[in-house]
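A.B. asks: Structure incoming, see below.
The values are calculated or read from the model by the stated rules, or taken from the named source; none is laboratory data. Predicted, not measured: the structure shown is a model, and the values here were computed from it. We place every Cβ from the backbone using ideal geometry, glycine too, and count neighbours over all the protein chains shown. For the accessible areas, the whole protein counts, side chains as well, though only heavy atoms, and no ligand, DNA or RNA atoms are used. Shrake-Rupley method; radii C 1.70, N 1.55, O 1.52, S 1.80 Å.
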Amino acid sequence: MAGELILIVEDNDKNRKLERDVLQFHGFKTAEAESGEEGVRLAGELLPALVLMDIQLPGINGIEALRQLRADPRTQTIPVMAVTASAMTQDRQKILAAGFDGYQSKPINVKDFVAAVRLMLEPGAAQGGGA
């Protein structure tokens, strides 16, 4: 599991740095995108083991980026976890209903975040809806 590539799609510098630093500390490789369009492009090029997707992004939002990832045969099976400040119950339900494999609210709890990432990387985790 450690050493796998995780794509972080996050427009906020501080949030992106925190996610990157935590993941790298735990032995994961990371790539980063600051917009939904860049995230979709990098996912197609790099084929990461997991995508961490903010919802509120410049350009296309995280839900539209997820739709594009699911429509591409190269990326349709990559698990995608929403990492967002939208923490209301109805927001979480809407995000999971859009097809995300998991959900983490911001600000992240480092212990819960790492546990959720590891869960997403377990074989078969994405098929069951994650979270």
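A.B. asks: For the stretch 41-86, how many residues are in contact with an Asp or Glu (Cβ under 8 Å, 6 or more places away or on another chain) and over 19 Å from residue 20 (Cα atoms)?
C.D. replies: So the count comes out to 5.
A.B. asks: Moving on to the next point. Please work out which residue is farthest from residue 93 (Cα to Cα), limiting yourself to the stretch 4-30 and to residues that are in a strand (DSSP E or B) and in contact with an Asp or Glu (Cβ under 9 Å, 6 or more places away or on another chain).
C.D. replies: First, the residues of the stretch 4-30 that are in a strand (DSSP E or B): 5-9, 29-30.
Cutting the leftovers down to in contact with an Asp or Glu (Cβ under 9 Å, 6 or more places away or on another chain) gives us 6-9, 29-30.
Details: 6: 24, 7: 23, 8: 22, 9: 21, 29: 30, 30: 28 Å.
Only one residue fits best here, namely 29.
A.B. asks: Next question. Determine whether the stretch 29-38 contains at least one residue that is open to solvent by 70 Å² or more (accessible area, probe 1.4 Å), free of Cβ contacts under 8 Å to residues at least 24 places away in the same chain and closer than 20 Å to residue 118 by Cα.
C.D. replies: Step one: filter the stretch 29-38 for residues open to solvent by 70 Å² or more (accessible area, probe 1.4 Å), giving 29, 34, 37.
From the residues that got through so far, the ones that are free of Cβ contacts under 8 Å to residues at least 24 places away in the same chain too are none.
Looking through the stretch 29-38, none of the residues is open to solvent by 70 Å² or more (accessible area, probe 1.4 Å), free of Cβ contacts under 8 Å to residues at least 24 places away in the same chain and closer than 20 Å to residue 118 by Cα.
A.B. asks: Filter the stretch 69-88 down to residues that are among the polar types (S, T, N, Q), free of Cβ contacts under 8 Å to residues at least 40 places away in the same chain and surrounded by fewer than 13 Cβ atoms within 10 Å (Cβ to Cβ), then give me how many there are. Step through it out loud before you land on a result.
C.D. replies: So the first thing to find is which residues in the stretch 69-88 are among the polar types (S, T, N, Q), and the list is 75-77, 84, 86.
After this cut, where a residue has to be free of Cβ contacts under 8 Å to residues at least 40 places away in the same chain as well, the list is 75-76, 84, 86.
From what's left, surrounded by fewer than 13 Cβ atoms within 10 Å (Cβ to Cβ): 76.
Total satisfying the criteria: 1.
A.B. asks: Something else about it: Just give me the residues in the stretch 59-92 being out of contact with any helix residue (DSSP H, G or I) (no Cβ under 8 Å at 6 or more places or on another chain) and either modelled with pLDDT of 95 or more or not charged (D, E, K, R) (or both), in sequence order. Steps first, answer last, please.
C.D. replies: The first filter runs over the stretch 59-92 and keeps only residues out of contact with any helix residue (DSSP H, G or I) (no Cβ under 8 Å at 6 or more places or on another chain), leaving 66-67, 70-71, 73, 85, 87-92.
Correct list: 66, 67, 70, 71, 73, 85, 87, 88, 89, 90.
A.B. asks: Here's a follow-up. Restrict the check to the stretch 89-104 and report whether at least one residue is in contact with a Leu (Cβ under 9 Å, 6 or more places away or on another chain), charged (D, E, K, R) and open to solvent by less than 50 Å² (accessible area, probe 1.4 Å).
C.D. replies: Yes, because at least one residue in the stretch 89-104 is in contact with a Leu (Cβ under 9 Å, 6 or more places away or on another chain), charged (D, E, K, R) and open to solvent by less than 50 Å² (accessible area, probe 1.4 Å).
A.B. asks: Hey, among the residues in the stretch 105-131 that are more than 20 Å from residue 19 (Cα to Cα) and open to solvent by less than 30 Å² (accessible area, probe 1.4 Å), which one's modelled with the lowest pLDDT? It would help to see each step written out before you state the result.
C.D. replies: Of all residues in the stretch 105-131, those more than 20 Å from residue 19 (Cα to Cα) come to 123-129.
Still in the list and also open to solvent by less than 30 Å² (accessible area, probe 1.4 Å): 125-126.
Values: 125: 64, 126: 55.
Within the stretch 105-131, the match that is modelled with the lowest pLDDT is 126.
A.B. asks: So which residues in the stretch 1-15 are in contact with a strand residue (DSSP E or B) (Cβ under 6 Å, 6 or more places away or on another chain) and open to solvent by less than 30 Å² (accessible area, probe 1.4 Å)?
C.D. replies: Looking only at the stretch 1-15, we keep the residues that are in contact with a strand residue (DSSP E or B) (Cβ under 6 Å, 6 or more places away or on another chain), and these are 5-9.
Listed by number, the residues that qualify are 6, 7, 8, 9.
A.B. asks: Check off (1) in contact with a Lys or Arg (Cβ under 8 Å, 6 or more places away or on another chain); (2) among the aliphatic types (A, V, I, L, M); (3) at pLDDT below 95 for residue 95 and give me the number that stays unchecked.
C.D. replies: Result: residue 95 fails condition (1) only.
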